[in-house]
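As structure tokens, the structure follows; a few thoughts come after it.
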Amino acid sequence: SASVSYGELLRAQRRAGRAGTAYAWAVTVDDAFAGQLNASNVVLGAARSFSVGYWVGQEFAGRGATPLAVAMVGDYLFGVAGLHRMEINIRPENAASLAVVRKLGMREEGLRVRFLHIAGDWRDHRSFAVTADELGPGGLVGRLRG
């Protein structure tokens, strides 16, 4: 695969955001850049769904920034964009990400065998989801505070 420059990546992310097909956010902790969160595979029409992926630097892990960022993005896309379903796919060995979906009370939907090509091989992922109608009045952020 051809390498992509950082500038090209940013331009592609901005185009996708304007088109409403994907969104990217910086995750900050105490005003420091901690990582990134992406909402991608935005499907409108009958599905009105999106997938979320994220990473944070190891020094910021375990401080609650990732679950809060995911909750805020989910609530925004459910509320403002009128989307219905959020999905997160996680490699089975990724204990930190599994903790995020547990804290958010997301439903596990099963194993996606050889789902994504990562680090030179096709990797299995566990799939988790939540729909807008499953949330209480406090949304995903309310689930964290509850």
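Put simply, the amide H of THR28, placed in the peptide plane, has neighbours under 5 Å in ALA34, leaving out anything fewer than 5 places away on its chain. Close amide H partners of ARG91, meaning residues 5 or more places away or on another chain with modelled amide H under 5 Å apart, are ARG126.
If I compute solvent accessible area with a 1.4 Å probe over the protein chains, what percent of it on the range 1-96 is carbon and sulfur? Show your work: numbers first, answer last.
Working: 3070 of 5630 Å².
For the range 1-96, the apolar C and S fraction of the accessible surface comes to 55 percent.
Note on exposure: VAL70, VAL80, VAL141 ranked by accessible area (1.4 Å probe, complete protein assembly) read VAL80, VAL141, VAL70, with the most exposed listed first. These residues, ASP133, ASP124, ASP31, go from largest to smallest accessible area, 1.4 Å probe, as ASP31, ASP133, ASP124.
About its Cα centre, the dipole of the range 88-146 is roughly 160 debye, where the only charges are +1 on Lys and Arg Cβ and -1 on Asp and Glu Cβ. In this structure the amide hydrogen of LEU83, modeled in the peptide plane, comes within under 5 Å of the amide hydrogens of PHE78, none closer than 5 places in sequence on its chain. Our helix-only sum for the chain, with -39,500 (n - 2.57) per DSSP H run of n ≥ 4 divided by its residues, gives a mean residue ellipticity at 222 nm of -9500 deg cm²/dmol.
In the context of the full set of protein chains, the chain has a per residue accessible area of 59 Å² (1.4 Å probe).
Write down the Å³ per residue value for the convex hull defined by the alpha carbon atoms of the range 1-53. Walk me through the intermediate numbers first.
Values: hull volume 6.1 nm³, N = 53.
Hull volume normalised by residue count: 115 Å³.
Based on the convex hull around the alpha carbon atoms, the chain presents an average projected area of 9.8 nm². Across the range 97-109, computed HN-Hα scalar couplings (Karplus, 6.51 cos²θ - 1.76 cosθ + 1.60, θ = phi - 60°) run 5, 5, 5, 4, 5, 5, 4, 8, x, 7, 7, 7, 10 Hz from first to last residue, x flagging Gly and Pro. Largest accessible area first, the residues HIS117, HIS125, HIS84 order themselves as HIS117, HIS84, HIS125 under a 1.4 Å probe with ligands, DNA and RNA left out.
The values are calculated or read from the model by the stated rules, or taken from the named source; none is laboratory data. The structure displayed is predicted, hence computed values, not measured ones. Positions of Cβ are generated from backbone atoms using ideal geometry, with glycine treated the same way; all protein chains shown enter the neighbour counts. For the accessible areas, the whole protein counts, side chains as well, though only heavy atoms, and no ligand, DNA or RNA atoms are used. Shrake-Rupley method; radii C 1.70, N 1.55, O 1.52, S 1.80 Å.
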